[in-house]
Amino acid sequence: MRKSCLSVAILFAATSVVAQGQTVLSTFTENFEDGLAVSRWDFVARETLVDPASATPDGSINFAFDYTSTTFTNYGNANSQDPIGAAPSGAGFKGALMHVNDNDATARIAQAGMLPKTVGITGDYRMTLDMFANNSDPAASGSSEFALIGLNADAVVGSVPNLIVGDNLPAGAATPAIAANATAVGYAFASSTEGGFAGDYRVYARKLPGDDAPRFQKRNASWTGTTRVPLFDSGGNYQGVETNPEEAFNPYYYDLSPGNKNGPFLGGVGKSWVQVGVQQRGSIVTYTLNGKIINTLFVPTPVGGRVQIGAYDAASSVPANTAESYFLFDNVKIDTLGPAAPNTISASDDFARMNAGGTVTINGAASLTGLQFDTAATTLDGTGAITFGGSNGAIYAGGGVSHVLSKPLTINAATAIYVDTPTDKLTISNATWGPGVVFNKEGQGTLEINRLNAKAAEIISGKVKLGTGVNKLNLLYFEYQPADPTAGNEYSPATVNSGVLDINRSIVAVDYTNAPLAAGAGTTPQSPFVRLQGRVFAGFRADLANGGIPRWDGAGIITSSPDLLGANFATSTMTIRITEASTIGYADGATLGNTGVAIDATTVLLGYTFKADTNMDQSITFDDLLKLAQNYGLDYTGNIGTTGVQWWLGDSNGDGLVNFDDLLALAQAYGSTVSLIGVNTDMSMHNSFESDWQLALSIAPEPTSLAALAMGGLLIRRRR
């Protein structure tokens, strides 16, 4: 439980001692009001090369800055000087004012940070603070300066603490630049001031042995132009713009700072007070702005040390007006949090940890932000749903074992799930999705989940395995690493570090929106069809070299259904299909066959179904029979190289003909439906096939004599 905040400069209760003589404090608060904060904090500044003229790293701090004494320039109006105003979390008007990379004559990549002298942390903790980030450009054309909030690992350079990013920056020495490939000592969350730079929200994390995580996790790409089309509209509805797909996975980018809403960019944290939070519970570390989760970092080996609050200029540039380029911090509060009681969940908990081994039964509902499985294989069962609501949810599964969450799980908020190593597996068998949820899967292990019905889903690494039925998304995105880095295209076989979606026996409906590519670009459709088709091809082709046996089990979009693996592939009546819904006749407001799932024309359908299924509803019904009757006798063999296989017209075997072979395949599967355990067949429909075929011929316009003769051939075949 979070301790109450007392209105004194520092409050502490010593509980133990950690590295370098630091004391673990149960509660630490700093409001900078007494003018003595300089004695309680270390300040460190470094850059890629110390300026020979000044011999001083380019960073500065004022630990007792009275922010009532200054104003800031509002966006778009150089003559508008606004007061900063009171910070939201405490009384008083003094804070720590920090500048970086604006004092030297020569601009270089630079970083500055403040660390409390006596506060070291191990285990679970929470830090909150108020931040005012200003930039010098009223037009906000793209500042490269970031606030850095995080936990250091307490490495030292000489006799001074190191900074989080770029642990190779000793003062006074020439070192390599610390740009996009910089490593981190601990981990830090970075936020730029106005949302106009490449990667406005970043994570810098120490790369641990066996860690597949990128150094920058879930950062957005460049936001360019002054009238950018956001991925989500003001009502939170996904608009289908995939030019910068990482942005889709944080719906809060567009509603962070009220003071920034009149600016040319959405999603920045500049020119307004923002409440910042960093929390580590077990292996789950979260970064929040104004109570909304921005990043989730999973740390299999949690890092201990001192918190660090700082600034980082990721480019060699000097602001246009250095006096207006700064970060202001106030009301810092750190609470150490006792470890969660294992294998229990109460209504007051926000984090739970399972490690008992065997089955743990917990009845009753609970609202969490984090759930961790580790050490021993554990099944969490019981009645009453675990709900991830509010701003975020995160699940970590490790220990090199298999865990099961069979207790109901309701996902109503942005959720990330990390399954650590290739031998780890987490099965979630009873998940319910609320509207507007974004989802990330990370780690090299496998997540098995019954359904994936989210606004947006990103598979960064490892595997997600689905059940059966229809999964509905607005966006499906993969992080993938081509086996041949020089190829770099969607059709390249991917490495083991790439994200894999095992559709198993399900359908995935990606219901995108026909939105503009960018402002002023007209109505260029943003269909993910080509991108997802590339992942299907990569999943299929990746195993062709393995004895030449076709099977969908590479990296990308695959299936583990046994009938499409190995020798079974050639004789299977099932397949993987991918198509635009409009191509197979669906219009806006349609329903996907007899599934009851609403789609529209701008939906990509992909999944496991019958070769004879013409509408991708995973069943063979009269609708499929009618489609075949309408096209019986069609011969497009001369155009198959340009048009591709038109299976939705009844050509189930892909030979360019709609003929007796296709009719026979459909007849054999008539009345069948895909189920979790295989294929179920309604024999009443199967037995009525002959009369249904006659009905289809009567409905089809001008049925050919070939279609009529086909029944005679079919009857002969069926009576043998």
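The values are calculated or read from the model by the stated rules, or taken from the named source; none is laboratory data. Owing to the predicted nature of the structure, the values given are computational and were not obtained by experimental measurement. All Cβ positions, glycine included, derive from the backbone under ideal geometry; neighbour counts span all protein chains shown. For the accessible areas, the whole protein counts, side chains as well, though only heavy atoms, and no ligand, DNA or RNA atoms are used. Shrake-Rupley method; radii C 1.70, N 1.55, O 1.52, S 1.80 Å.
Tabulated data
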{"quantity": "Whole-number accessible area per residue in Å² for region 270-402, which is evaluated in the context of all protein chains at 1.4 Å", "calculated": "29"}
{"quantity": "Sorted peptide list for 654-660, 86-92, criterion being average Cβ within 10 angstrom, highest first", "calculated": "654-660, 86-92"}
{"quantity": "Mean-position separation - Cα centroids, region 561-600 and region 631-652, in angstrom", "calculated": "17"}
{"quantity": "List Glu47, Glu33, Glu580, ordered by accessible area with a 1.4 Å probe, largest first", "calculated": "Glu33, Glu580, Glu47"}
